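Below is one structure; the comments refer to it alone.
Each reported figure results from applying straightforward, stated rules to the coordinates on display, with no laboratory input. The structure presented is a predicted model; accordingly, all values stated were derived computationally and were not measured. A quick note on method: Cβ atoms are made from the backbone with ideal geometry, for glycine too, and the neighbour counts reach across all protein chains shown.
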Amino acid sequence: MLQCLRCGYRGSGPKRCPRCGFPLIPEPQGRFRIVEGEPTIWRYGPTLGVSKGVTLGEGMTPLRKIGGVAIKDESRNPTGSIMDRGSAVLASVYQGARAAVAFSEDFTLSIATYFSARGITVEVYMDPTSANYADFILLASLPNVEIRFGVAPKVDVEYGEPYFLAGIKTLAYELFEGARKMEAVAVPLERGYIALAIYQAFRELEEEGYTAPRLLLAKYREASVSEIARWLIDKGAELIEVDSVDAVRAAVELAREGIYAKPLSAMAYVAAAQEKNAVAVITGTGLRRPYLPRRGELGGLQAQIIEVLRRRGEMTAYQIWDALGRRPTLRGVYKALSSLAARGIVAQSYQIEGKRRIKRFKLNSGK
Ligand SMILES: [Zn+2]
């Protein structure tokens, strides 16, 4: 069942509230529960009421302190942004063999990567004169993606739809688990969907007796305030205006510490630095890695294995198979690993554990 937080509508959809046009979000499924030992957003699967259909290792991103500010580094997700949380959940519930999506930065690359990994063909509609070329090239290289120029006649998947927002909520759950002392969370503000999902996750936790942190919306001084943001401010969120030059300075400062944030994301750091015990959510990097799957070079499974190893470091074939949601066969994972090892992309090592010899795989440096 979906709900509208603004007017109280409950129903099965469509994607936006039929009464007031606000984004809809799935209702919570019982109490907050954690699947211990699950190292991805799927540790909150039962809370979301969604079963794992696909994972590339999204979520459980690092929390680091820089200059006294706690940083939740979402650029460490598989495609470099917080979008991967939403895409993993949306791709898991999506019914259908094809999906049409309009191009937008970060979102489309994330959606296409997850849908493609699930074997769903994605038609990406883009305007060749305005598309971000780094995203464009990576999209073109994904195994199940078709690029179309022009406007989509009908879009099947869009930014901010209900199950996408459900996935974004897992960020708040992770902060709840890992940053109990935080008093405020700063989120960069564009349209307000990410802030809305985080707000709702904290509100649900509050119903279970937890004290939610203050929600700080970091916005460029010159940017307008969206409809969603206005509603959030009405509910107690605080708007913090950031100078665009300060945001760029913050991005430079973060880069020196090894966190590659877009200036938009770095705004959250500027906002959090003004507060005591605040967490800044760095939503994305904008930098793209050059070794994502290349058509004709790597099979889809090989590319997925590389992605898992890049994020997690050394792993056994069984752990890799598990991280891939056990969708390929274990035998297929072994075959892909030997092929990657044969080409020098993956290195193998052996360790003795008890009386067993364990073989582990990791990416060769420079890959
Ligand atoms: Zn409504």
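Structure notes:
- The local environment of SER349, defined by Cβ-Cβ distances under 12 Å, has a net charge of +3 under the rule Lys, Arg +1 and Asp, Glu -1.
- The alpha-carbon atoms of the stretch 206-343 define a convex hull whose volume equals 204 cubic angstrom per residue.
- Seen from all directions on average, the chain presents a Cα convex hull projection of 19.4 nm².
- Between VAL145 and VAL122, the built amide H atoms are under 5 Å apart, and every one of these is 5 or more places off in sequence or on another chain.
- With 22 Å as the limit on Cα-Cα distance, the pairs of LYS65/LYS276; LYS72/LYS359; LYS52/LYS181; LYS262/LYS362; LYS52/LYS335 that go past it are LYS72/LYS359; LYS52/LYS181; LYS262/LYS362; LYS52/LYS335.
- For MET315, MET1, MET83, order by how many other beta-carbon atoms lie within 10 Å, fewest first: MET1, MET315, MET83
- When peptides 259-269, 328-338 are sorted by average Cβ neighbour count within 10 Å, with the highest value leading, the order is 259-269, 328-338.
- Phi-based couplings in Hz for the stretch 209-222 (Karplus 6.51, -1.76, 1.60; Gly and Pro marked x): x, 8, 8, 6, x, 5, 9, 9, 9, 8, 10, 4, 3, 8
- Highest-first packing order for the peptide set 153-166, 186-199 is 186-199, 153-166, based on the mean count of other beta carbon atoms within 10 Å.
- 3J(HN,Hα) along the stretch 328-342: x, 7, 4, 4, x, 5, 4, 5, 5, 5, 5, 5, 5, 5, 4 Hz, from the Karplus curve 6.51 cos²θ - 1.76 cosθ + 1.60 with θ = phi - 60°, whole Hz, x for Gly and Pro.
- Distance between the stretch 91-115 and the stretch 193-255 - C-alpha centres, whole angstrom: 26
- Using θ = phi - 60° in the Karplus curve 6.51 cos²θ - 1.76 cosθ + 1.60, the 3J(HN,Hα) couplings for the stretch 9-16 round to 4, 10, x, 8, x, x, 7, 10 Hz; x is entered for Gly and Pro.
- Rounded to the nearest 10 degrees, the inclination of helix 162-178 to the longest alpha-carbon principal axis of the chain is 90 degrees.
- Bridges between two residues of the chain, per DSSP, are antiparallel at a rate of about 45%.
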